[in-house]
Amino acid sequence: MNLNESKLWKEIHQQDECVRECLKYNLPILKEIAFNIKQRNIKNIIFAARGSSEHAAQVAKYVFEIYTDMFVNIAAPSITTCYQGHVNYQNALVVGISQSGGAQDVYQVMKKCVDDGGICVSITNEPECLMSTIGHYQLNNHCGIETSITAAKSYITQLTILIALAYQISENQELFNLLEQLPDIIKDSFQLENQVQNVIPFFRNSEHLLIFGRGLLYGLVQESELKIQETSYLDARCYSASDYQHGPIATSLSFVPTIFFIADKQTDKSIIQLHQRLKEEKNIFSLIISNKDNISELGDLSIKIPHQYDGLSAVFVCAIISQMFACLLSIARGYNPDSPIGVSKHTVTI
């Protein structure tokens with residue numbers, strides 16, 4: 001496949017405008033949701049999601065718990081659908097997230113919230129869907145139809161909506177500034193294409209891959225793992241840099257390439273220490289993606305992102321890098337990144 005023929009590649013490069021439209025249409029509703037949350041003194045948020053949508057929620061968990069006084073949990077839908085659990089959502093905000101809006105298990109969690117008297121919100125990219133028929137507020141990605149089965153712009157806009165909700169609740173100036181700059185941050189990320197292109201040959205024939213992040217960037221690497229798995233069919237596995245040292249480090253092998261996302265001053269030190277240990281003990285081959293030159297130089301390969309993008313802003317830059325990496329690697333390996341084998345845009349689980 002030629003790169004310019006890829007639907008995924010085209011949709012990656014639409015995301016700056018998608019974010020702009022997403023914010024324009026959703027901010028008034030998000031303001032109303034935040035007002036309701038404050039009026040009812042809701043302090044618990046439950047995200048119900050699968051796949052890329054859950055990965056957006058994983059980043060959002062960090063954002064809400066850093067910038068608001070709310071506690072966040074990621075729902076296990078089977079507690080409701082299989083075990084008929086007795087969890088009570090009366091004093092909670094439940095946010096169901098799904099690109100297609102057809103996730104039946106997520107719908108059941110939302111229904112339980114409504115029945116219990118909690119606040120229920122849906123985030124979908126299809127206005128006429130199962131999840132839009134329930135709950136108190138319906139948010140739409142406003143990113144247009146995704147023609148590639150591999151999700152890109154729905155993930156980015158889901159994450160945008162969740163951060164915007166955190167801003168409306170916290171009124172934090174840092175989050176406001178991020179949202180104002182977000183279309184430009186994403187547009188700047190497209191300029192990293194040549195750096196991503198240059199590292200692809202080193203991974204083209206790999207069958208295994210380890211990916212590391214921590215904190216906000218651990219939320220991001222879960223999505224990186226999925227994108228690489230579904231487009232290139234290799235055994236990519238992600239770890240928190242802290243969790244990896246509690247057992248999995250014993251499986252490290254020198255011939256398994258690694259990617260380290262190190263662009264968050266709050267967590268950089270611990271990931272650097274893990275990288276150094278693996279270099280010394282296992283002689284690993286590493287690609288480092290960082291906003292700091294002195295850190296980038298520690299790897300065998302590097303992708304250098306603009307130094308001003310750190311922490312949450314770096315999540316978006318690294319998301320674009322991950323999407324481009326997955327698309328380019330898939331094509332280099334002779335696959336079609338737009339139509340992963342066995343993957344559907346409307347996967348239904350119960």
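Just so you know, all these numbers are worked out from the coordinates, no wet-lab data involved. Source: prediction; values computed, not measured. Neighbour counts are summed over all protein chains in view; Cβ atoms, including those assigned to glycine, are modelled from backbone coordinates with ideal geometry.
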In sequence order, what are the phi-derived ³J(HN,Hα) couplings for segment 59-67 according to the Karplus relation 6.51 cos²θ - 1.76 cosθ + 1.60 with θ = phi - 60°, rounded to whole Hz, with x for glycine and proline? 5, 4, 4, 4, 4, 5, 7, 7, 9
For MET70, MET110, MET324, MET1, ascending order of other Cβ atoms within 10 Å (fewest first) is MET1, MET70, MET324, MET110
Rounded if a/c under 1.5, otherwise prolate or oblate - segment 3-182, Cα gyration tensor axes: oblate
Can you work out ³J(HN,Hα) from phi for every residue in segment 168-176, in order, using Karplus 6.51 cos²θ - 1.76 cosθ + 1.60 and θ = phi - 60°, giving whole Hz and x for Gly and Pro? 4, 7, 8, 6, 6, 5, 4, 5, 4
Rank-order 94-101, 283-290, 125-132 by packing density, defined as the average count of other C-beta atoms within 10 Å over each peptide's residues, highest first. 94-101, 283-290, 125-132
Among the lysines, select those whose C-alpha is under 24 Å from the C-alpha of LYS292, and discard any that sit fewer than 8 residues away in the same chain. LYS187, LYS265, LYS269, LYS279, LYS304
For Cα pairs less than 8 Å apart in space and 6+ apart in sequence, what is the mean separation divided by the residue count of the chain, i.e. the relative contact order in percent? 21 percent
CD proxy at 222 nm, helix term only [per DSSP H run n ≥ 4: -39500 (n - 2.57); per residue of the chain; nearest 500]: -15000 deg cm²/dmol
May I ask you to derive the FRET efficiency for ILE74 and GLU281 from their Cβ-Cβ distance with R0 = 41 Å, giving the value to the nearest 0.05? 0.80
Extension gain (nm, one decimal) between ALA250 and TYR25, 0.36 nm per residue minus Cα-Cα: 76.1 nm
For SER302, residues with placed amide H under 5 Å, excluding near neighbours: ILE288
In order over segment 68-85: 3J(HN,Hα) from phi, Karplus 6.51/-1.76/1.60, θ = phi - 60°, whole Hz, x for each Gly or Pro, gives 10, 9, 9, 9, 10, 10, 9, 5, 9, x, 5, 4, 8, 7, 10, 9, 6, x
Counting other Cβ atoms within 10 Å, keep those with at most 14, restrict to DSSP loop, and tell me which trypsin sites (Lys or Arg not before Pro) in segment 244-332 are left. LYS265
Spacing of the two label points (7 Å from each Cα toward its C-beta) at LYS187 and GLN266, in nm: 2.8 nm
If amide hydrogens are placed 1.01 Å from N in the peptide plane, which non-local residues have theirs closer than 5 Å to the one on ARG214? ALA241
Greater than 29 Å apart at Cα, pairs in LYS7/LYS31; LYS61/LYS111; LYS43/LYS111: LYS7/LYS31
